[in-house]
Amino acid sequence: MRGILCAMIAVAIVCLFAQGTLHAQLRPSRTWESTPVRARQSGVMPSLLGGGEFQRSWGSALGEQAWQFRTHVQAEPYRFTDSTHSTQWTTTIEAHQEMTANPFNDISFNPRTMRWEEYFWLHMLANDYSVRIGFVHRCKHDIDNLSGADEFNPISPLQAEQRTVILTGPTVAASLAPKKTIFGMFSASGGVEWFLNSSDNRRPASDVASWRFMQGAAWIRAQNITRITPGVSLLATAAASVPWYSARPGASSDVPYDARAELALSLNGATSRIDIAIVTERIFDELAWTMPATSSYVGLCVRFMPQLSATE
């Protein structure tokens, strides 16, 4: 009970942040829980999961987060143990992708950036918790803001602004198994990342709040599921992440945190579900721009994911 109480306090703190102006936008996985379920089957490829979601947001800096589209894939290449073992060991490979677009063209849909995130995980699954260790690679690249007067001349002074961000390194994480409370089923996860490589290449060049000095990040995610009927649930989710740096030249004094909170109605089918969520989100660096800027917004998200019992 003490662990559940501490986790609930952590969620409350995250939600307090969210009240003001509500995870780095470089994390397309922020709406996905990576812990696989304990299973009876072992061997090659016992599971393959995927999902997709789209979000319409309002209030972001210059409308850069007006549209968000995310896809998720999680494959389980090999599970070493089955249900005869009290502790199970398995592996997963994940791929998450996010495209963002602003509304400033003749069709009100102007793609701006792509974000990719890949993991390789080794999981230890116990009855009450799970622990995983792995490797993460993230990157952000521009799309429609690449066009310039001389795209093929790398020293052209008229070339459009660009910003490419890459983060790569080992990571560890842990999750609490869902616990029944008076509010429903509560679960929480958290982790730490250490970046062996962090790049922030800009045109025009600048070291103002550069991510190339980012050394790592810590994150937390919590969710409460309240069953309304066998096929309908209410989901309350909060997530936050905070990076740390060796230096942040030219940065403001604000804490560089990202946070997301959402309340969703989940409609569950036999193997999958639809979530309709009201979202509030805050990102400390709007990566669609060369120079850093904080962005906060609210949105409506529709998500197609594996059935709750498969991933939550």
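The values are calculated or read from the model by the stated rules, or taken from the named source; none is laboratory data. Bear in mind that the values here come from a model prediction, so they are computed numbers and not experimental data. Methodologically, a virtual Cβ is constructed for each residue, glycine included, from the backbone with ideal geometry; neighbour enumeration extends over all protein chains shown.
Within segment 170-205, which residues are outside any strand (DSSP E or B), under 30 Å from I228 (Cβ atoms) and among the aromatic types (F, W, Y)? Passing the criteria: only F183.
Considering segment 92-112, the residues that are surrounded by fewer than 15 Cβ atoms within 10 Å (Cβ to Cβ) and in contact with a helix residue (DSSP H, G or I) (Cβ under 9 Å, 6 or more places away or on another chain) include one that is nearest to G299 (Cα to Cα), namely P103. Scanning segment 92-106 for residues that are assigned to a loop (DSSP other than H, G, I, E, B) and small (G, A, S) turns up nothing.
If the condition is being under 17 Å from Q68 (Cα atoms) and touching a helix residue (DSSP H, G or I) at 6+ places or on another chain (Cβ under 8 Å), then segment 263-285 contributes T280, R282, D285.
Can we say D200 is more than 19 Å from the chain's Cα centre (by Cα) and modelled with pLDDT of 95 or more? In short, yes.
Among the conditions (1) at pLDDT below 95; (2) within 24 Å of A95 (Cβ to Cβ); (3) surrounded by fewer than 19 Cβ atoms within 10 Å (Cβ to Cβ), the only one that V192 does not satisfy is (1).
Go over the candidates R138, R115, R70 one by one and state the one that is of a type in the set (K, R), out of contact with any helix residue (DSSP H, G or I) (no Cβ under 8 Å at 6 or more places or on another chain) and surrounded by 16 or more Cβ atoms within 10 Å (Cβ to Cβ).
Every option except R138 fails the conditions.
Residues to consider are E64, E53, E33; find the one that is surrounded by 13 or more Cβ atoms within 10 Å (Cβ to Cβ), charged (D, E, K, R) and at pLDDT 95 or above.
Within the list E64, E53, E33, the selection yields E53.
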